[in-house]
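J.: Quick one: the structure is below, and I'll ask about it shortly.
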Amino acid sequence: MVLYTAAGDPYTYEEALKCRKWREAMDNEISAIEKNGTWELIMLSKNTKKIGVKWIYKTKLNEKGEVDKYKARLVAKGYAQQHGVDYTKVFTLVARWDIIWMVLTMTAQRK
């Protein structure tokens, strides 16, 4: 199954700014970032390298192939960083079910 759209999703920030629906999607993303405290903006020292960001745009379709919503995602270009130089800590909040079950099983076995 192939879906062809004449307009397509914007690739650049400048393209997205031209359309109200994408500006609203970007506003929603910024609101979610602020609400969740995902990022913290700080003043950089002279020797610190800044991390760039990029907007990713995607039209989400429902099961009927109709537009469900327009999604804009702001992502950091973390691939430019080096461990020990640009950052020292890594935090990823991910829990896999097999690990959860293993911990519960071990806890039950050891009472």
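J.: Out of everything in segment 40-62 that is in contact (Cβ under 8 Å) with a residue 24 or more places away in the chain and in a strand (DSSP E or B), what residue ends up being farthest from Thr12 (Cα to Cα)?
T.: Ranking the candidates gives Leu61 first.
J.: In segment 68-100, which residues are modelled with pLDDT under 90, among the hydrophobic types (A, V, I, L, M, F, W, C) and more than 30 Å from Lys46 (Cβ to Cβ)? Break it down into steps so the answer makes sense when it comes.
T.: Of segment 68-100, the ones modelled with pLDDT under 90 are 75-100.
Filter once more, keeping what is among the hydrophobic types (A, V, I, L, M, F, W, C): 75-76, 80, 85, 90-91, 93-95, 97, 99-100.
Passing the criteria: Leu93, Val94, Ala95, Trp97, Ile99, Ile100.
J.: Which of the residues belonging to segment 3-42 are of a type in the set (A, V, I, L, M), out of contact with any Leu (no Cβ under 8 Å at 6 or more places or on another chain) and at pLDDT 85 or above? Before the answer, list the steps.
T.: Taking segment 3-42 as the starting set, the residues that turn out to be of a type in the set (A, V, I, L, M) are 3, 6-7, 16-17, 25-26, 30, 32-33, 41-42.
Now restrict to residues that are out of contact with any Leu (no Cβ under 8 Å at 6 or more places or on another chain): 6-7, 16-17, 25, 32, 41-42.
Residues satisfying the conditions are Ala16, Leu17, Ala25, Ala32.
J.: Suppose we keep only residues that are of a type in the set (Lys, Arg) and free of Cβ contacts under 8 Å to residues at least 12 places away in the same chain within segment 19-33. Which one would you say is surrounded by the fewest Cβ atoms within 10 Å (Cβ to Cβ)?
T.: First pass over segment 19-33, keeping only residues of a type in the set (Lys, Arg): 20-21, 23.
Narrowing further to those that are free of Cβ contacts under 8 Å to residues at least 12 places away in the same chain: 20, 23.
Numbers: Arg20: 9, Arg23: 14.
Only one residue tops the list, namely Arg20.
J.: Test of understanding: among Gly65, Gly37, which residue is exposed (fewer than 10 other Cβ atoms within 10 Å of the Cβ), closer than 17 Å to Asp9 by Cβ and not basic (Lys, Arg)? It would help to see each step written out before you state the result.
T.: Values: Gly37 fails: closer than 17 Å to Asp9 by Cβ.
Every option except Gly65 fails the conditions.
The values are calculated or read from the model by the stated rules, or taken from the named source; none is laboratory data. Please read these numbers as outputs of a predicted model, since none were measured by experiment. Neighbour counts are summed over all protein chains in view; Cβ atoms, including those assigned to glycine, are modelled from backbone coordinates with ideal geometry.
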